[in-house]
Amino acid sequence: MEECEALASFFNETCIQIVLSNPRRKGEIKKISLRPVIISEGLYFQQTSYIGTKVFHKNLSRDQAVEKTEQALRKEFKQCQIITETEMVVILSNKRGEFSFRTKERQTERKQGDMEHNRKKKYILEEGTPVPFLKDLGIMTAEGKIVRSKYDKYKQINRFLEFVEDILPELPQGREITLLDFGCGKSYLTFAVYYYLKVLKQYDLRVIGLDLKEDVIEHCNYLKEKYGYEKLQFLKGDIASYQGVDKADMVITLHACDTATDYALEKAVTWGAKVILSVPCCQHELNNQIKNNMLRPVLKYGIIKERMAALLTDAMRAEYLESRGYRTQLLEFIDMEHTPKNILIRGIFHGKAADNREQIKEIEEFFHISPTLGKLLDKGNCV
């Protein structure tokens, strides 16, 4: 009881972060972190669980957070680190689930207001700072304010730039970087990535945006000339037949429709791209193929079949990339309330192919599917 009361005493407004780590058994769950947040004037704790390559978030009441932490520390984890405004506490849990506490005084203090759950988020492209292409593409006013109807698009752009920021250590140094954006459309993202890497980060960068709409390409080329973006180029063309380069360092796609994403991923693998960031769009291919007698009672519901097919499509894409030497993750791109197309495929090439081709074949046979990416990679003998 004393242990429980001691643990519970840290769950208050002075707490900064709680991290459960060192799992007792090898498995999917790696760690759990909690931080206090103020929601509607009440104290809650935002729980972040790291399971495999995925991250899950959940808000817990104080009592729920205390109970979850106590149970996890007794059964799932060996260690818990608690950081407050004044001290750092390490709790160790032995095989019998008994706790030992170690406390160290902290010198730094947290600024007031850090707990506000709905505090203004700091974006890479900040509101209030005019950005030329955001203004010309109708997202921002001349004064730097975000147009209300375009706020979701503004958040999408910044979210994607956060993923770009994460992979900066993977990009080559000391030479020009080649980046391709397939299905660039109005090129919100193409301009944003160029602006971030070339203008703000000063990378030696060449960017090519490809799309089928001639009027859109003409307008984008007009804008890039207007801004003096010499190493940004927009071309009219089809992803599948594009042969403009024989090597690329990074390939990105945002909402390339259906199998267009597969052709972009195949190009990236063929060119040996170090980084792939892809947010797929509508996915019809496997929805038309998927068939399994065992799952017939489930698949007869159209909406369930559609969603299963979409998730299976992206999971298979990730596995194909793994089999070609990419360390691949499927990540939440942006909240579902802003767009249902919220999965981002992140692939980092490290050269060690996963031994999963037999498993891929079994899945294809189980669901009676033949995904485009798998066929393209096999046809091109991409290793």
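Listing for the model above:
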{"item": "Residue check, residue 152 in contact (Cβ under 8 Å) with a residue 24 or more places away in the chain and either among the small types (Gly, Ala, Ser) or assigned to a helix (DSSP H, G or I) (or both)", "result": "yes"}
{"item": "Residue that is surrounded by the fewest Cβ atoms within 10 Å (Cβ to Cβ) [pool: residues in the stretch 122-171 that are of a type in the set (Val, Ile, Thr) and under 15 Å from residue 200 (Cβ atoms)]", "result": "129"}
{"item": "Residues within the stretch 170-189 that are free of Cβ contacts under 8 Å to residues at least 12 places away in the same chain and within 15 Å of residue 274 (Cα to Cα), tallied", "result": "1"}
{"item": "Conditions (1) modelled with pLDDT under 95; (2) assigned to a strand (DSSP E or B); (3) of a type in the set (Ser, Thr, Tyr): number failed by residue 123", "result": "(2)"}
{"item": "Helices (runs of 4 or more DSSP H) enclosed by the stretch 218-300 - at least 3 residues per element that are in the same structural domain as residue 366 (by TED's automatic domain parsing) and in contact (Cβ under 8 Å) with a residue 24 or more places away in the chain", "result": "260-270, 285-289"}
{"item": "Set 21, 40: member being in the same structural domain as residue 99 (by TED's automatic domain parsing) and either modelled with pLDDT of 85 or more or under 30 Å from residue 327 (Cα atoms) (or both)", "result": "21"}
{"item": "Residue match in the stretch 301-315 (condition: within 30 Å of residue 273 (Cα to Cα), in contact with a strand residue (DSSP E or B) (Cβ under 9 Å, 6 or more places away or on another chain) and in a strand (DSSP E or B))", "result": "no"}
{"item": "Test for residue 66: is it closer than 27 Å to residue 334 by Cα and touching a residue at least 40 places away in the same chain (Cβ under 8 Å)", "result": "no"}
{"item": "Selection within the stretch 201-216 - closer than 18 Å to residue 132 by Cβ and either exposed (fewer than 13 other Cβ atoms within 10 Å of the Cβ) or not assigned by TED's automatic domain parsing to the domain that holds residue 180 (or both)", "result": "202"}
{"item": "Residue match in the stretch 217-229 (condition: closer than 16 Å to residue 245 by Cα and either modelled with pLDDT under 90 or exposed (fewer than 13 other Cβ atoms within 10 Å of the Cβ) (or both))", "result": "no"}
{"item": "Test set (1) surrounded by 16 or more Cβ atoms within 10 Å (Cβ to Cβ); (2) part of a loop (DSSP other than H, G, I, E, B) - residue 25 fails condition number", "result": "(1)"}
{"item": "Out of 73, 20, 7, sole residue that is outside any strand (DSSP E or B), touching a residue at least 40 places away in the same chain (Cβ under 8 Å) and in contact with a helix residue (DSSP H, G or I) (Cβ under 7 Å, 6 or more places away or on another chain)", "result": "7"}
{"item": "Subset of the stretch 160-169 (residues that are of a type outside the set (Val, Ile, Thr), within 13 Å of residue 276 (Cα to Cα) and within 11 Å of the chain's Cα centre (by Cα))", "result": "160, 163, 166"}
{"item": "Complete set of residues in the stretch 1-39 that are under 28 Å from the mean Cα position of the chain (by Cα) and of a type in the set (S, T, N, Q)", "result": "17, 21, 22, 33"}
{"item": "Qualifying residue in the stretch 365-373 (condition: without any contact (Cβ under 8 Å) to a residue 12 or more places away in the chain and assigned by TED's automatic domain parsing to the domain that holds residue 167)", "result": "yes"}
{"item": "Lone unmet requirement of (1) closer than 19 Å to residue 139 by Cβ; (2) at pLDDT 95 or above for residue 187", "result": "(2)"}
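To keep it simple, each residue is scored yes or no on (1) hydrophobic (A, V, I, L, M, F, W, C); (2) at pLDDT 95 or above.
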position: 280; (1), (2): no, no
position: 288; (1), (2): no, no
position: 311; (1), (2): yes, no
position: 316; (1), (2): yes, yes
position: 320; (1), (2): no, yes
position: 342; (1), (2): no, no
position: 348; (1), (2): yes, yes
position: 352; (1), (2): no, no
position: 380; (1), (2): no, no
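The values are calculated or read from the model by the stated rules, or taken from the named source; none is laboratory data. Owing to the predicted nature of the structure, the values given are computational and were not obtained by experimental measurement. Every residue, glycine as well, gets a Cβ built from its backbone with ideal geometry; the counts of neighbours run over all protein chains shown.
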